[in-house]
Amino acid sequence: MEGIVYKQQSYLENDRLLFVYTKLGRITLVAKGSQKMTSNIRNVAQYLSLIYFKEVPQKNMYALIEGKTLNDFQNIKSNFDLMTQASILFDLMGFVADNDDHESIYTLLEGALLHFSKESILSFGFKLLSYLGYQISLKPDGRRVKGVNIKKASIVYEKEPHVANIDVHQTTLLVRLTYLEYDKIDAIDEINYRELKEFMYAYYEYHTDHKLTRK
């Protein structure tokens, strides 16, 4: 089975607990002896890694067996700022419930890491909403679009009383981030990126009633 290590912590004297997201959901692996310098799984038991391990059916916590690293994402880990930005993905994963569509969400998360960029972070956040039940209605009805309103979770139009939390241009960017594949999304300038990221945070907070740490 494959999985993405989204958290790890020391356990007992020489072990680590690996918190792994898979197509079946969250699994906790005990990486025995992985804190020892001589351990042959030391490199597998690392935060932000795509790993392979032997599955133990019907259990969600068991020892790491036949573990190997498929992708250590050194392109992200080598830069502290990128590591911080990547952690936003895992913060958003906190909204995923046990009964959600893990297979689709796993594919979404893996894609965001494999095509990592600041745009993929936003794209993941907006794509994830549809699996959480908070999708934004972005299909226009022919009237002149003013932007998107967080409370309405939809496009709003000119001559309507509703406030547009993002403008028309940013709404167009939002549509692309939501529906295009990661590798088809163009770069977004820093100003619009920051404003769309703040919109994403505010949208999640309003609809989930859960405060997020800004990164």
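Some observations on this one:
- Given (1) out of contact with any helix residue (DSSP H, G or I) (no Cβ under 7 Å at 6 or more places or on another chain); (2) closer than 28 Å to residue 195 by Cβ; (3) of a type in the set (Val, Ile, Thr), index of the condition residue 56 fails: (2)
- Selection count where residues are touching a strand residue (DSSP E or B) at 6+ places or on another chain (Cβ under 9 Å), hydroxyl-bearing (Ser, Thr, Tyr) and open to solvent by less than 70 Å² (accessible area, probe 1.4 Å), scope the range 37-86: 5
- Residue ranges of helices (runs of 4 or more DSSP H) in the range 80-148 with at least 2 members within 30 Å of residue 162 (Cβ to Cβ) and either aliphatic (A, V, I, L, M) or at pLDDT 95 or above (or both): 80-93, 118-132
- Of the residues making up the range 191-205, those that are under 15 Å from residue 164 (Cα atoms) and in contact (Cβ under 8 Å) with a residue 40 or more places away in the chain are 196, 199, 200, 202, 203.
- Candidate set: the range 35-62, residues that are assigned to a strand (DSSP E or B) and modelled with pLDDT of 90 or more; chosen: the one nearest to the chain's Cα centre (by Cα): 50
- Residue list for the range 21-34, filter: on the phi < 0 side of the Ramachandran plot, part of a loop (DSSP other than H, G, I, E, B) and open to solvent by less than 60 Å² (accessible area, probe 1.4 Å): 34
- Options 142, 125, 111, 94: the member that is within 30 Å of residue 46 (Cα to Cα) and open to solvent by 40 Å² or more (accessible area, probe 1.4 Å): 94
- Some residue of the range 1-11 being outside any strand (DSSP E or B) and open to solvent by 60 Å² or more (accessible area, probe 1.4 Å): no
- Test result for residue 35, under 25 Å from residue 116 (Cβ atoms) and out of contact with any helix residue (DSSP H, G or I) (no Cβ under 8 Å at 6 or more places or on another chain): no
- Checked against (1) touching a residue at least 60 places away in the same chain (Cβ under 8 Å); (2) surrounded by fewer than 20 Cβ atoms within 10 Å (Cβ to Cβ), residue 133 passes all but condition (1).
- Any hit, the range 121-128, residues being of a type in the set (Val, Ile, Thr) and either touching a Phe, Trp or Tyr at 6+ places or on another chain (Cβ under 7 Å) or at positive phi (or both): no
The values are calculated or read from the model by the stated rules, or taken from the named source; none is laboratory data. The model shown is predicted, which means the values in this text are computed figures rather than measured ones. Positions of Cβ are backbone-derived with ideal geometry, glycine not excepted, and every protein chain shown enters the neighbour counts. Ligands, DNA and RNA are excluded from the accessible area calculation, which covers all protein heavy atoms including side chains. Shrake-Rupley method; radii C 1.70, N 1.55, O 1.52, S 1.80 Å.
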